[in-house]
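Colleague: Here it is: the structure, laid out below.
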Amino acid sequence: MYVPKAFAVDDHTHALAVLRAVPFGHLVTSVDRLESTALPFLVDDELTLVSAHVARANDHWRRIDGAEALLIVPTVDAYISPRWYPTKASDAKVVPTWNYELIHVHGTVEVVHDDTWKLDTVTALTDLNEARTPGDSPAWRVDDAPDDYINKMLSAIVGLRIKVDHVEAKRKLSQNKPQHDRLGAAEALLRSDRQRDREVGSLMRSADG
């Protein structure tokens with residue numbers, strides 16, 4: 001990933017927090033052909049292991065045991081218009097751009113068929129995401145479903161473990177722009193009716209201190 005110095009994130013704690021806040025990404029491999037599968041995942045505290053699963057019917061898993069892989073985790077993004085920069089009033093040398101936060105996790109895939117491991121992974125994924133799901137009713141638990149049904153569902157998935165080699169994290173939030181231009185763009189995004197715009201605007205404003 002191309003990461004200019006101004007946009008690089010070398011903070012392990014921040015990368016881990018982002019991966020846990022957005023536990024859904026795109027697993028990309030190139031074995032025989034280039035392939036990608038979107039999937040939910042878990043990551044350990046040391047950021048050394050990613051756990052996930054795919055449908056058994058998705059034959060992507062059949063070609064990737066031991067293969068190098070890239071897990072792409074996009075978080076938020078937004079178009080940035082030059083008209084939001086106060087600088088535009090005195091200097092026409094401004095152009096549009098796109099701001100975003102993105103993490104690339106590089107590693108080696110291991111295919112897992114063990115039912116106990118798969119059950120533990122699915123249970124942990126469910127508990128993580130149910131805990132932040134809106135609603136007044138009790139969180140859904142895996143054991144709310146009948147055992148025979150859960151066993152049937154487990155047989156329909158294949159586990160994946162990714163041994164992490166390295167992580168690249170990028171936050172492109174107009175850090176290379178003058179403060180008044182950054183804040184001008186942030187405030188414009190915060191007024192947007194699109195949630196993703198407002199999320200980027202909030203990140204830009206908080207990053208500005």
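The values are calculated or read from the model by the stated rules, or taken from the named source; none is laboratory data. These numbers come from a predicted model, not from an experiment. Neighbour counts run over all protein chains shown; Cβ positions are idealised from the backbone, glycine included. Keep in mind that these areas ignore ligands, DNA and RNA; they rest on the heavy atoms of the full protein, side chains included. Shrake-Rupley method; radii C 1.70, N 1.55, O 1.52, S 1.80 Å.
Colleague: Of all residues in the stretch 174-189, which are touching an Asp or Glu at 6+ places or on another chain (Cβ under 8 Å), buried (at least 17 other Cβ atoms within 10 Å of the Cβ) and assigned to a helix (DSSP H, G or I)? Give the steps one after another, and end with the answer.
Modeller: If we filter the stretch 174-189 for residues that are touching an Asp or Glu at 6+ places or on another chain (Cβ under 8 Å), which is where we start, we get 174, 179, 182-183, 186, 189.
Pick out the ones that are also buried (at least 17 other Cβ atoms within 10 Å of the Cβ) and you get 174, 182-183, 186, 189.
Once the filter is applied, which keeps residues that are touching an Asp or Glu at 6+ places or on another chain (Cβ under 8 Å), buried (at least 17 other Cβ atoms within 10 Å of the Cβ) and assigned to a helix (DSSP H, G or I), the stretch 174-189 yields Arg182, Leu183, Ala186, Leu189.
Colleague: May I ask you to list the residues in the stretch 129-151 that are assigned to a helix (DSSP H, G or I) and open to solvent by 60 Å² or more (accessible area, probe 1.4 Å)?
Modeller: Within the stretch 129-151, Asp143, Asp144, Asp147, Asp148, Tyr149, Asn151 qualify.
Colleague: Here is a further query. Give just the number: which of (1) at pLDDT below 95; (2) open to solvent by 70 Å² or more (accessible area, probe 1.4 Å) does Ala8 not satisfy?
Modeller: (2)
Colleague: Right, here's the next one. Take Ser192 and decide whether it is in a loop (DSSP other than H, G, I, E, B), farther than 15 Å from Val18 by Cβ and open to solvent by 10 Å² or more (accessible area, probe 1.4 Å). Quick ask: steps written out before the conclusion?
Modeller: Details: in a loop (DSSP other than H, G, I, E, B): yes; farther than 15 Å from Val18 by Cβ: yes; open to solvent by 10 Å² or more (accessible area, probe 1.4 Å): yes.
Spelling it out, Ser192 is indeed in a loop (DSSP other than H, G, I, E, B), farther than 15 Å from Val18 by Cβ and open to solvent by 10 Å² or more (accessible area, probe 1.4 Å).
Colleague: Now a separate question. Quick one: in the stretch 152-173, of everything that is of a type in the set (Gly, Ala, Ser) and open to solvent by less than 30 Å² (accessible area, probe 1.4 Å), which residue is nearest to Tyr79 (Cα to Cα)?
Modeller: So the residue we want is Ala169.
Colleague: When only residues in the stretch 102-126 that are in contact (Cβ under 8 Å) with a residue 60 or more places away in the chain and open to solvent by less than 20 Å² (accessible area, probe 1.4 Å) count, which is farthest from Pro82 (Cα to Cα)?
Modeller: Lys118
Colleague: Here is a further query. If Val164 satisfies all but one of (1) under 28 Å from Gly66 (Cα atoms); (2) touching a Lys or Arg at 6+ places or on another chain (Cβ under 7 Å), what's the number of the condition it fails?
Modeller: Condition (2) is where Val164 drops out.
Colleague: Still on this structure, please answer the following. May I ask you to verify whether Leu160 is in a strand (DSSP E or B) and not charged (D, E, K, R)? I'd like the intermediate steps shown before the answer.
Modeller: Details: in a strand (DSSP E or B): yes; not charged (D, E, K, R): yes.
Yes; evaluated as a whole, the condition is true for this residue.
Colleague: OK, next. Would you call His14 surrounded by 12 or more Cβ atoms within 10 Å (Cβ to Cβ) and part of a strand (DSSP E or B)?
Modeller: No, not satisfied.
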